[in-house]
1. Within the range 279-304, how many residues turn out to be over 26 Å from residue 388 (Cα atoms) and touching a residue at least 12 places away in the same chain (Cβ under 8 Å)?
2. Could you pull out the residue among 324, 304 that is crowded, with 18+ Cβ neighbours inside 10 Å, touching a strand residue (DSSP E or B) at 6+ places or on another chain (Cβ under 9 Å) and at pLDDT below 95?
3. Within the range 362-376, track down each residue that is touching a strand residue (DSSP E or B) at 6+ places or on another chain (Cβ under 8 Å) and under 28 Å from residue 18 (Cα atoms).
4. Can you find, within the range 204-222, the residue that is nearest to residue 370 (Cα to Cα) among those that are part of a loop (DSSP other than H, G, I, E, B) and modelled with pLDDT of 95 or more?
5. How many residues does the range 90-134 hold that are in a helix (DSSP H, G or I), modelled with pLDDT under 95 and either in the same structural domain as residue 52 (by TED's automatic domain parsing) or touching a strand residue (DSSP E or B) at 6+ places or on another chain (Cβ under 9 Å) (or both)?
């Protein structure tokens, strides 16, 4: 049966020819047929040449491209891409049963694994799937069948759907296959964590920060550490494991801090040199500190959800970074991040420059901090580099 079509306006084909996986509605001359949200749709140039096939969306991104090479896209293509994603992680040691220090990682990273709209995170045998498009959610049954076949020999226990609540059509979270267990204990860099993937943010944990948490641990010995927007304590556990003198975790969510405290006790006992604080981070940074912190982590939620909110978001980043610089000990280390896709690396570094000027501090960049190796990014999709981070040293002005 003939599929619906998008006809691209003359002169608007360049992004598609560059294999960018998003087609914006402004590039479309006309639509032929009546596709439903999430249907497969063919993309043609104005001269009638086939260009791509993808999932149709009622959005400014009108199509997420699945293939530029063939109009055929079925279970064989899905299976091939899942095998490619699994093999990529194997090459980096993520399925090594002899590695007891980490059993949580990203298994499918959307466009970076040529499956736009699909996120899958592995939690010690529970696979948590998250759809960011209706089209990908409609494919879940096929995807689950392939995962069960491909991963069962590795001890797959369950598959959970943690799709975006904002998806049209009322997509519901729930178990798709296997044992129903909404909380699991996992291990990351030798730290044990309880992950609630049913109630937690994202798929339950921020898997992308694993390597940056490891770096915090390597620099924490003997330092007083403040973990802002600390969620369930991943950075805090890394700092304590690395020998921090004292760690404080701040988050506005009582539930997150309660789970953070449980994770700290699980690893270091009730006498650990740690304090969980339920507070608004900006107000907390405005309050007086009895003793300065030597290492501060700022890992806030996305302040700029899109380009329309970019300037307001940058103001928010600048405010928290300025206050952290004002409070940190002389020569202290600041780990600062933005997970806003709309914020470019240049935007982020310029924001930090402004914060340093306002705080009257001398700041030196020690290292750029991207997301972890299990989050590959397609060269054709630079937006996939969503996590921007900098490790900087902060001291008084010279």
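The values are calculated or read from the model by the stated rules, or taken from the named source; none is laboratory data. These numbers were taken from a predicted model, which means no experiment stands behind them. Here Cβ is always computed from backbone atoms with ideal geometry, including for glycine, and neighbour counts include all displayed protein chains.
1. Residues of the range 279-304 over 26 Å from residue 388 (Cα atoms): 287-291.
From the residues that got through so far, the ones that are touching a residue at least 12 places away in the same chain (Cβ under 8 Å) too are 289, 291.
Qualifying residue count for the region: 2.
2. Values: 324 fails: at pLDDT below 95.
Just one listed residue meets the conditions, 304.
3. Step one: filter the range 362-376 for residues touching a strand residue (DSSP E or B) at 6+ places or on another chain (Cβ under 8 Å), giving 362-370, 372, 374-376.
Within the range 362-376, 368, 369, 370, 372, 374, 375, 376 meet the criteria.
4. From the range 204-222, those part of a loop (DSSP other than H, G, I, E, B) are 204-206, 220-222; that's our starting set.
Now narrow it down to the ones that are modelled with pLDDT of 95 or more: 220-222.
Values: 220: 20, 221: 23, 222: 26 Å.
It comes out as 220.
5. Total meeting the criteria: 1.
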